[in-house]
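Input: a single structure, listed below in C-alpha cells.
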Amino acid sequence: MTPTPQARDLVGRTALVTGANAGIGYWCAEQLAARGARVLLGCRSTERAGVAERSIRERVEGADVGILSLDLGSLTSVATAAASVDEPLHGVICNAGVKAADPDDRTADEHDLMIGTNALGHFALLAQLLPSLAPDARVVAVGSIAHRFARIDPGTIDAAWTGASLRQYGRSKAAVMALAFELDRRWRGTARSALCAHPGYAVDPLTPIRDGLAPVRPIARRLASLTRGLVQGKDAGAAPIVHAATSPDATGGDYWGPGGLLEFRGAPRRVRASDEVRSRSTGAALWTAAEQLTGVRFDV
C-alpha cells in the first residue's frame, strides 16, 4: 500500500500529521513523504518523533520531515504549537488519540482524557491553525468503526462517564467526526474542505518492520499471518486516510475506509458514517460546546 518513490505528486505541499510517531499516524507520514510532501510530525514526545523522523528518512530518499511539539491534551501546548507554524499547510490529518482510559483520567485542562484529546484538542488546534491553512487546505479527521455505536449529547460531551472504555473511545471519535463534517459545511463555497476516514482493523503484527517503532515478536507475526484475510497492517490502514487527504476524487464531507468485508481491510472506498455524526443540528451544537469548553473561538 505504500506509494512508490516515483509517485512524487505532492512536491510543494505540506501536511501536518498528529500522532505521527507510531501506528497509523507514522504510516500516513511515511506515505506522504514518499510522494514528495513536506511532513510535520505533530507529537507529544519529541524523542519518539525523532525516531519516526529517522525511520522516514531511512526509507524515503530526500524526505522533507519536521517535528512539531504538540500535546493535544494540553490547550497551552496546542496554542504554542499552532503559533509556531510559520508555513502554509495544505493538509492536516487529525490522527492522534487516546485509545483507552479510566473514567477519572483527565487532560491538563481537566477535561475527560479521550474527549479532551481526541476531539477538543484537535478542534482547538484547527481553530488556531486557521491563519496557516492554505486556500485549498484539506482537513482529515481519523474516525473509527466504533463511532457507529456511540451517542453524542453536545451538552454533556465532557461529562463523567461509566461503562466500557471502548464506548467512550467511540464517543470521542464520533465527536471529532461530527466536528469535521460541521467544519466542511462551514467551508462550503471555498476551496477548503474537511472529511473523515478510518483505517479499518489494522494491527501491528501485520505491519512492516520499522526500527524503534512498535516491536512485535516473531511468533506474534506468524500467528497474525493467519488472520490476513480478515484484517490488515497499519501501513494498509493508513491508505484510506492518505487517500482522503490527497486524492482528487475525495471531496469535502466524504468518509473513506477500507472497502472489504465489514470495512476491516481492503482498498480505499467511500463508506457510510452514522446519521448522528452527519447531523447538522448535532454538529452545530457540538461546535458551540467545543468553543465553550476550550475557550477557543473558531470563526469560519
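The figures follow:
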{"item": "Boolean, residue 66 is in a strand (DSSP E or B) and touching a Ser or Thr at 6+ places or on another chain (Cβ under 6 Å)", "result": "no"}
{"item": "Candidate set from the stretch 59-68 (those that are of a type in the set (Gly, Ala, Ser) and closer than 17 Å to residue 26 by Cβ); member that is farthest from the chain's Cα centre (by Cα)", "result": "63"}
{"item": "Qualifying positions in the stretch 110-136 - surrounded by 24 or more Cβ atoms within 10 Å (Cβ to Cβ) and either within 28 Å of residue 12 (Cα to Cα) or at pLDDT below 95 (or both)", "result": "121, 122, 123, 124, 125, 126"}
{"item": "Output for the stretch 17-75, where each listed residue is hydrophobic (A, V, I, L, M, F, W, C), in contact (Cβ under 8 Å) with a residue 60 or more places away in the chain and under 25 Å from residue 115 (Cβ atoms)", "result": "17, 20, 22, 24, 28, 75"}
{"item": "Residues of the stretch 225-242 satisfying the condition of being modelled with pLDDT under 95, assigned to a helix (DSSP H, G or I) and under 17 Å from residue 209 (Cα atoms)", "result": "225"}
{"item": "Which listed residue, of 284, 245, 290, is part of a helix (DSSP H, G or I), closer than 24 Å to residue 13 by Cβ, at pLDDT 95 or above and not basic (Lys, Arg)", "result": "245"}
{"item": "Selection within the stretch 189-220 - touching a Ser or Thr at 6+ places or on another chain (Cβ under 9 Å) and in a helix (DSSP H, G or I)", "result": "205, 206"}
{"item": "Exclusive hit being of a type in the set (Ser, Thr, Tyr), at pLDDT 95 or above and more than 23 Å from residue 216 (Cβ to Cβ), set 45, 77", "result": "77"}
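The values are calculated or read from the model by the stated rules, or taken from the named source; none is laboratory data. This structure is a prediction, so every number in the text was calculated from the model and none was measured. Note that each Cβ is placed from the backbone with ideal geometry, even for glycine, and that neighbours are counted across all protein chains shown.
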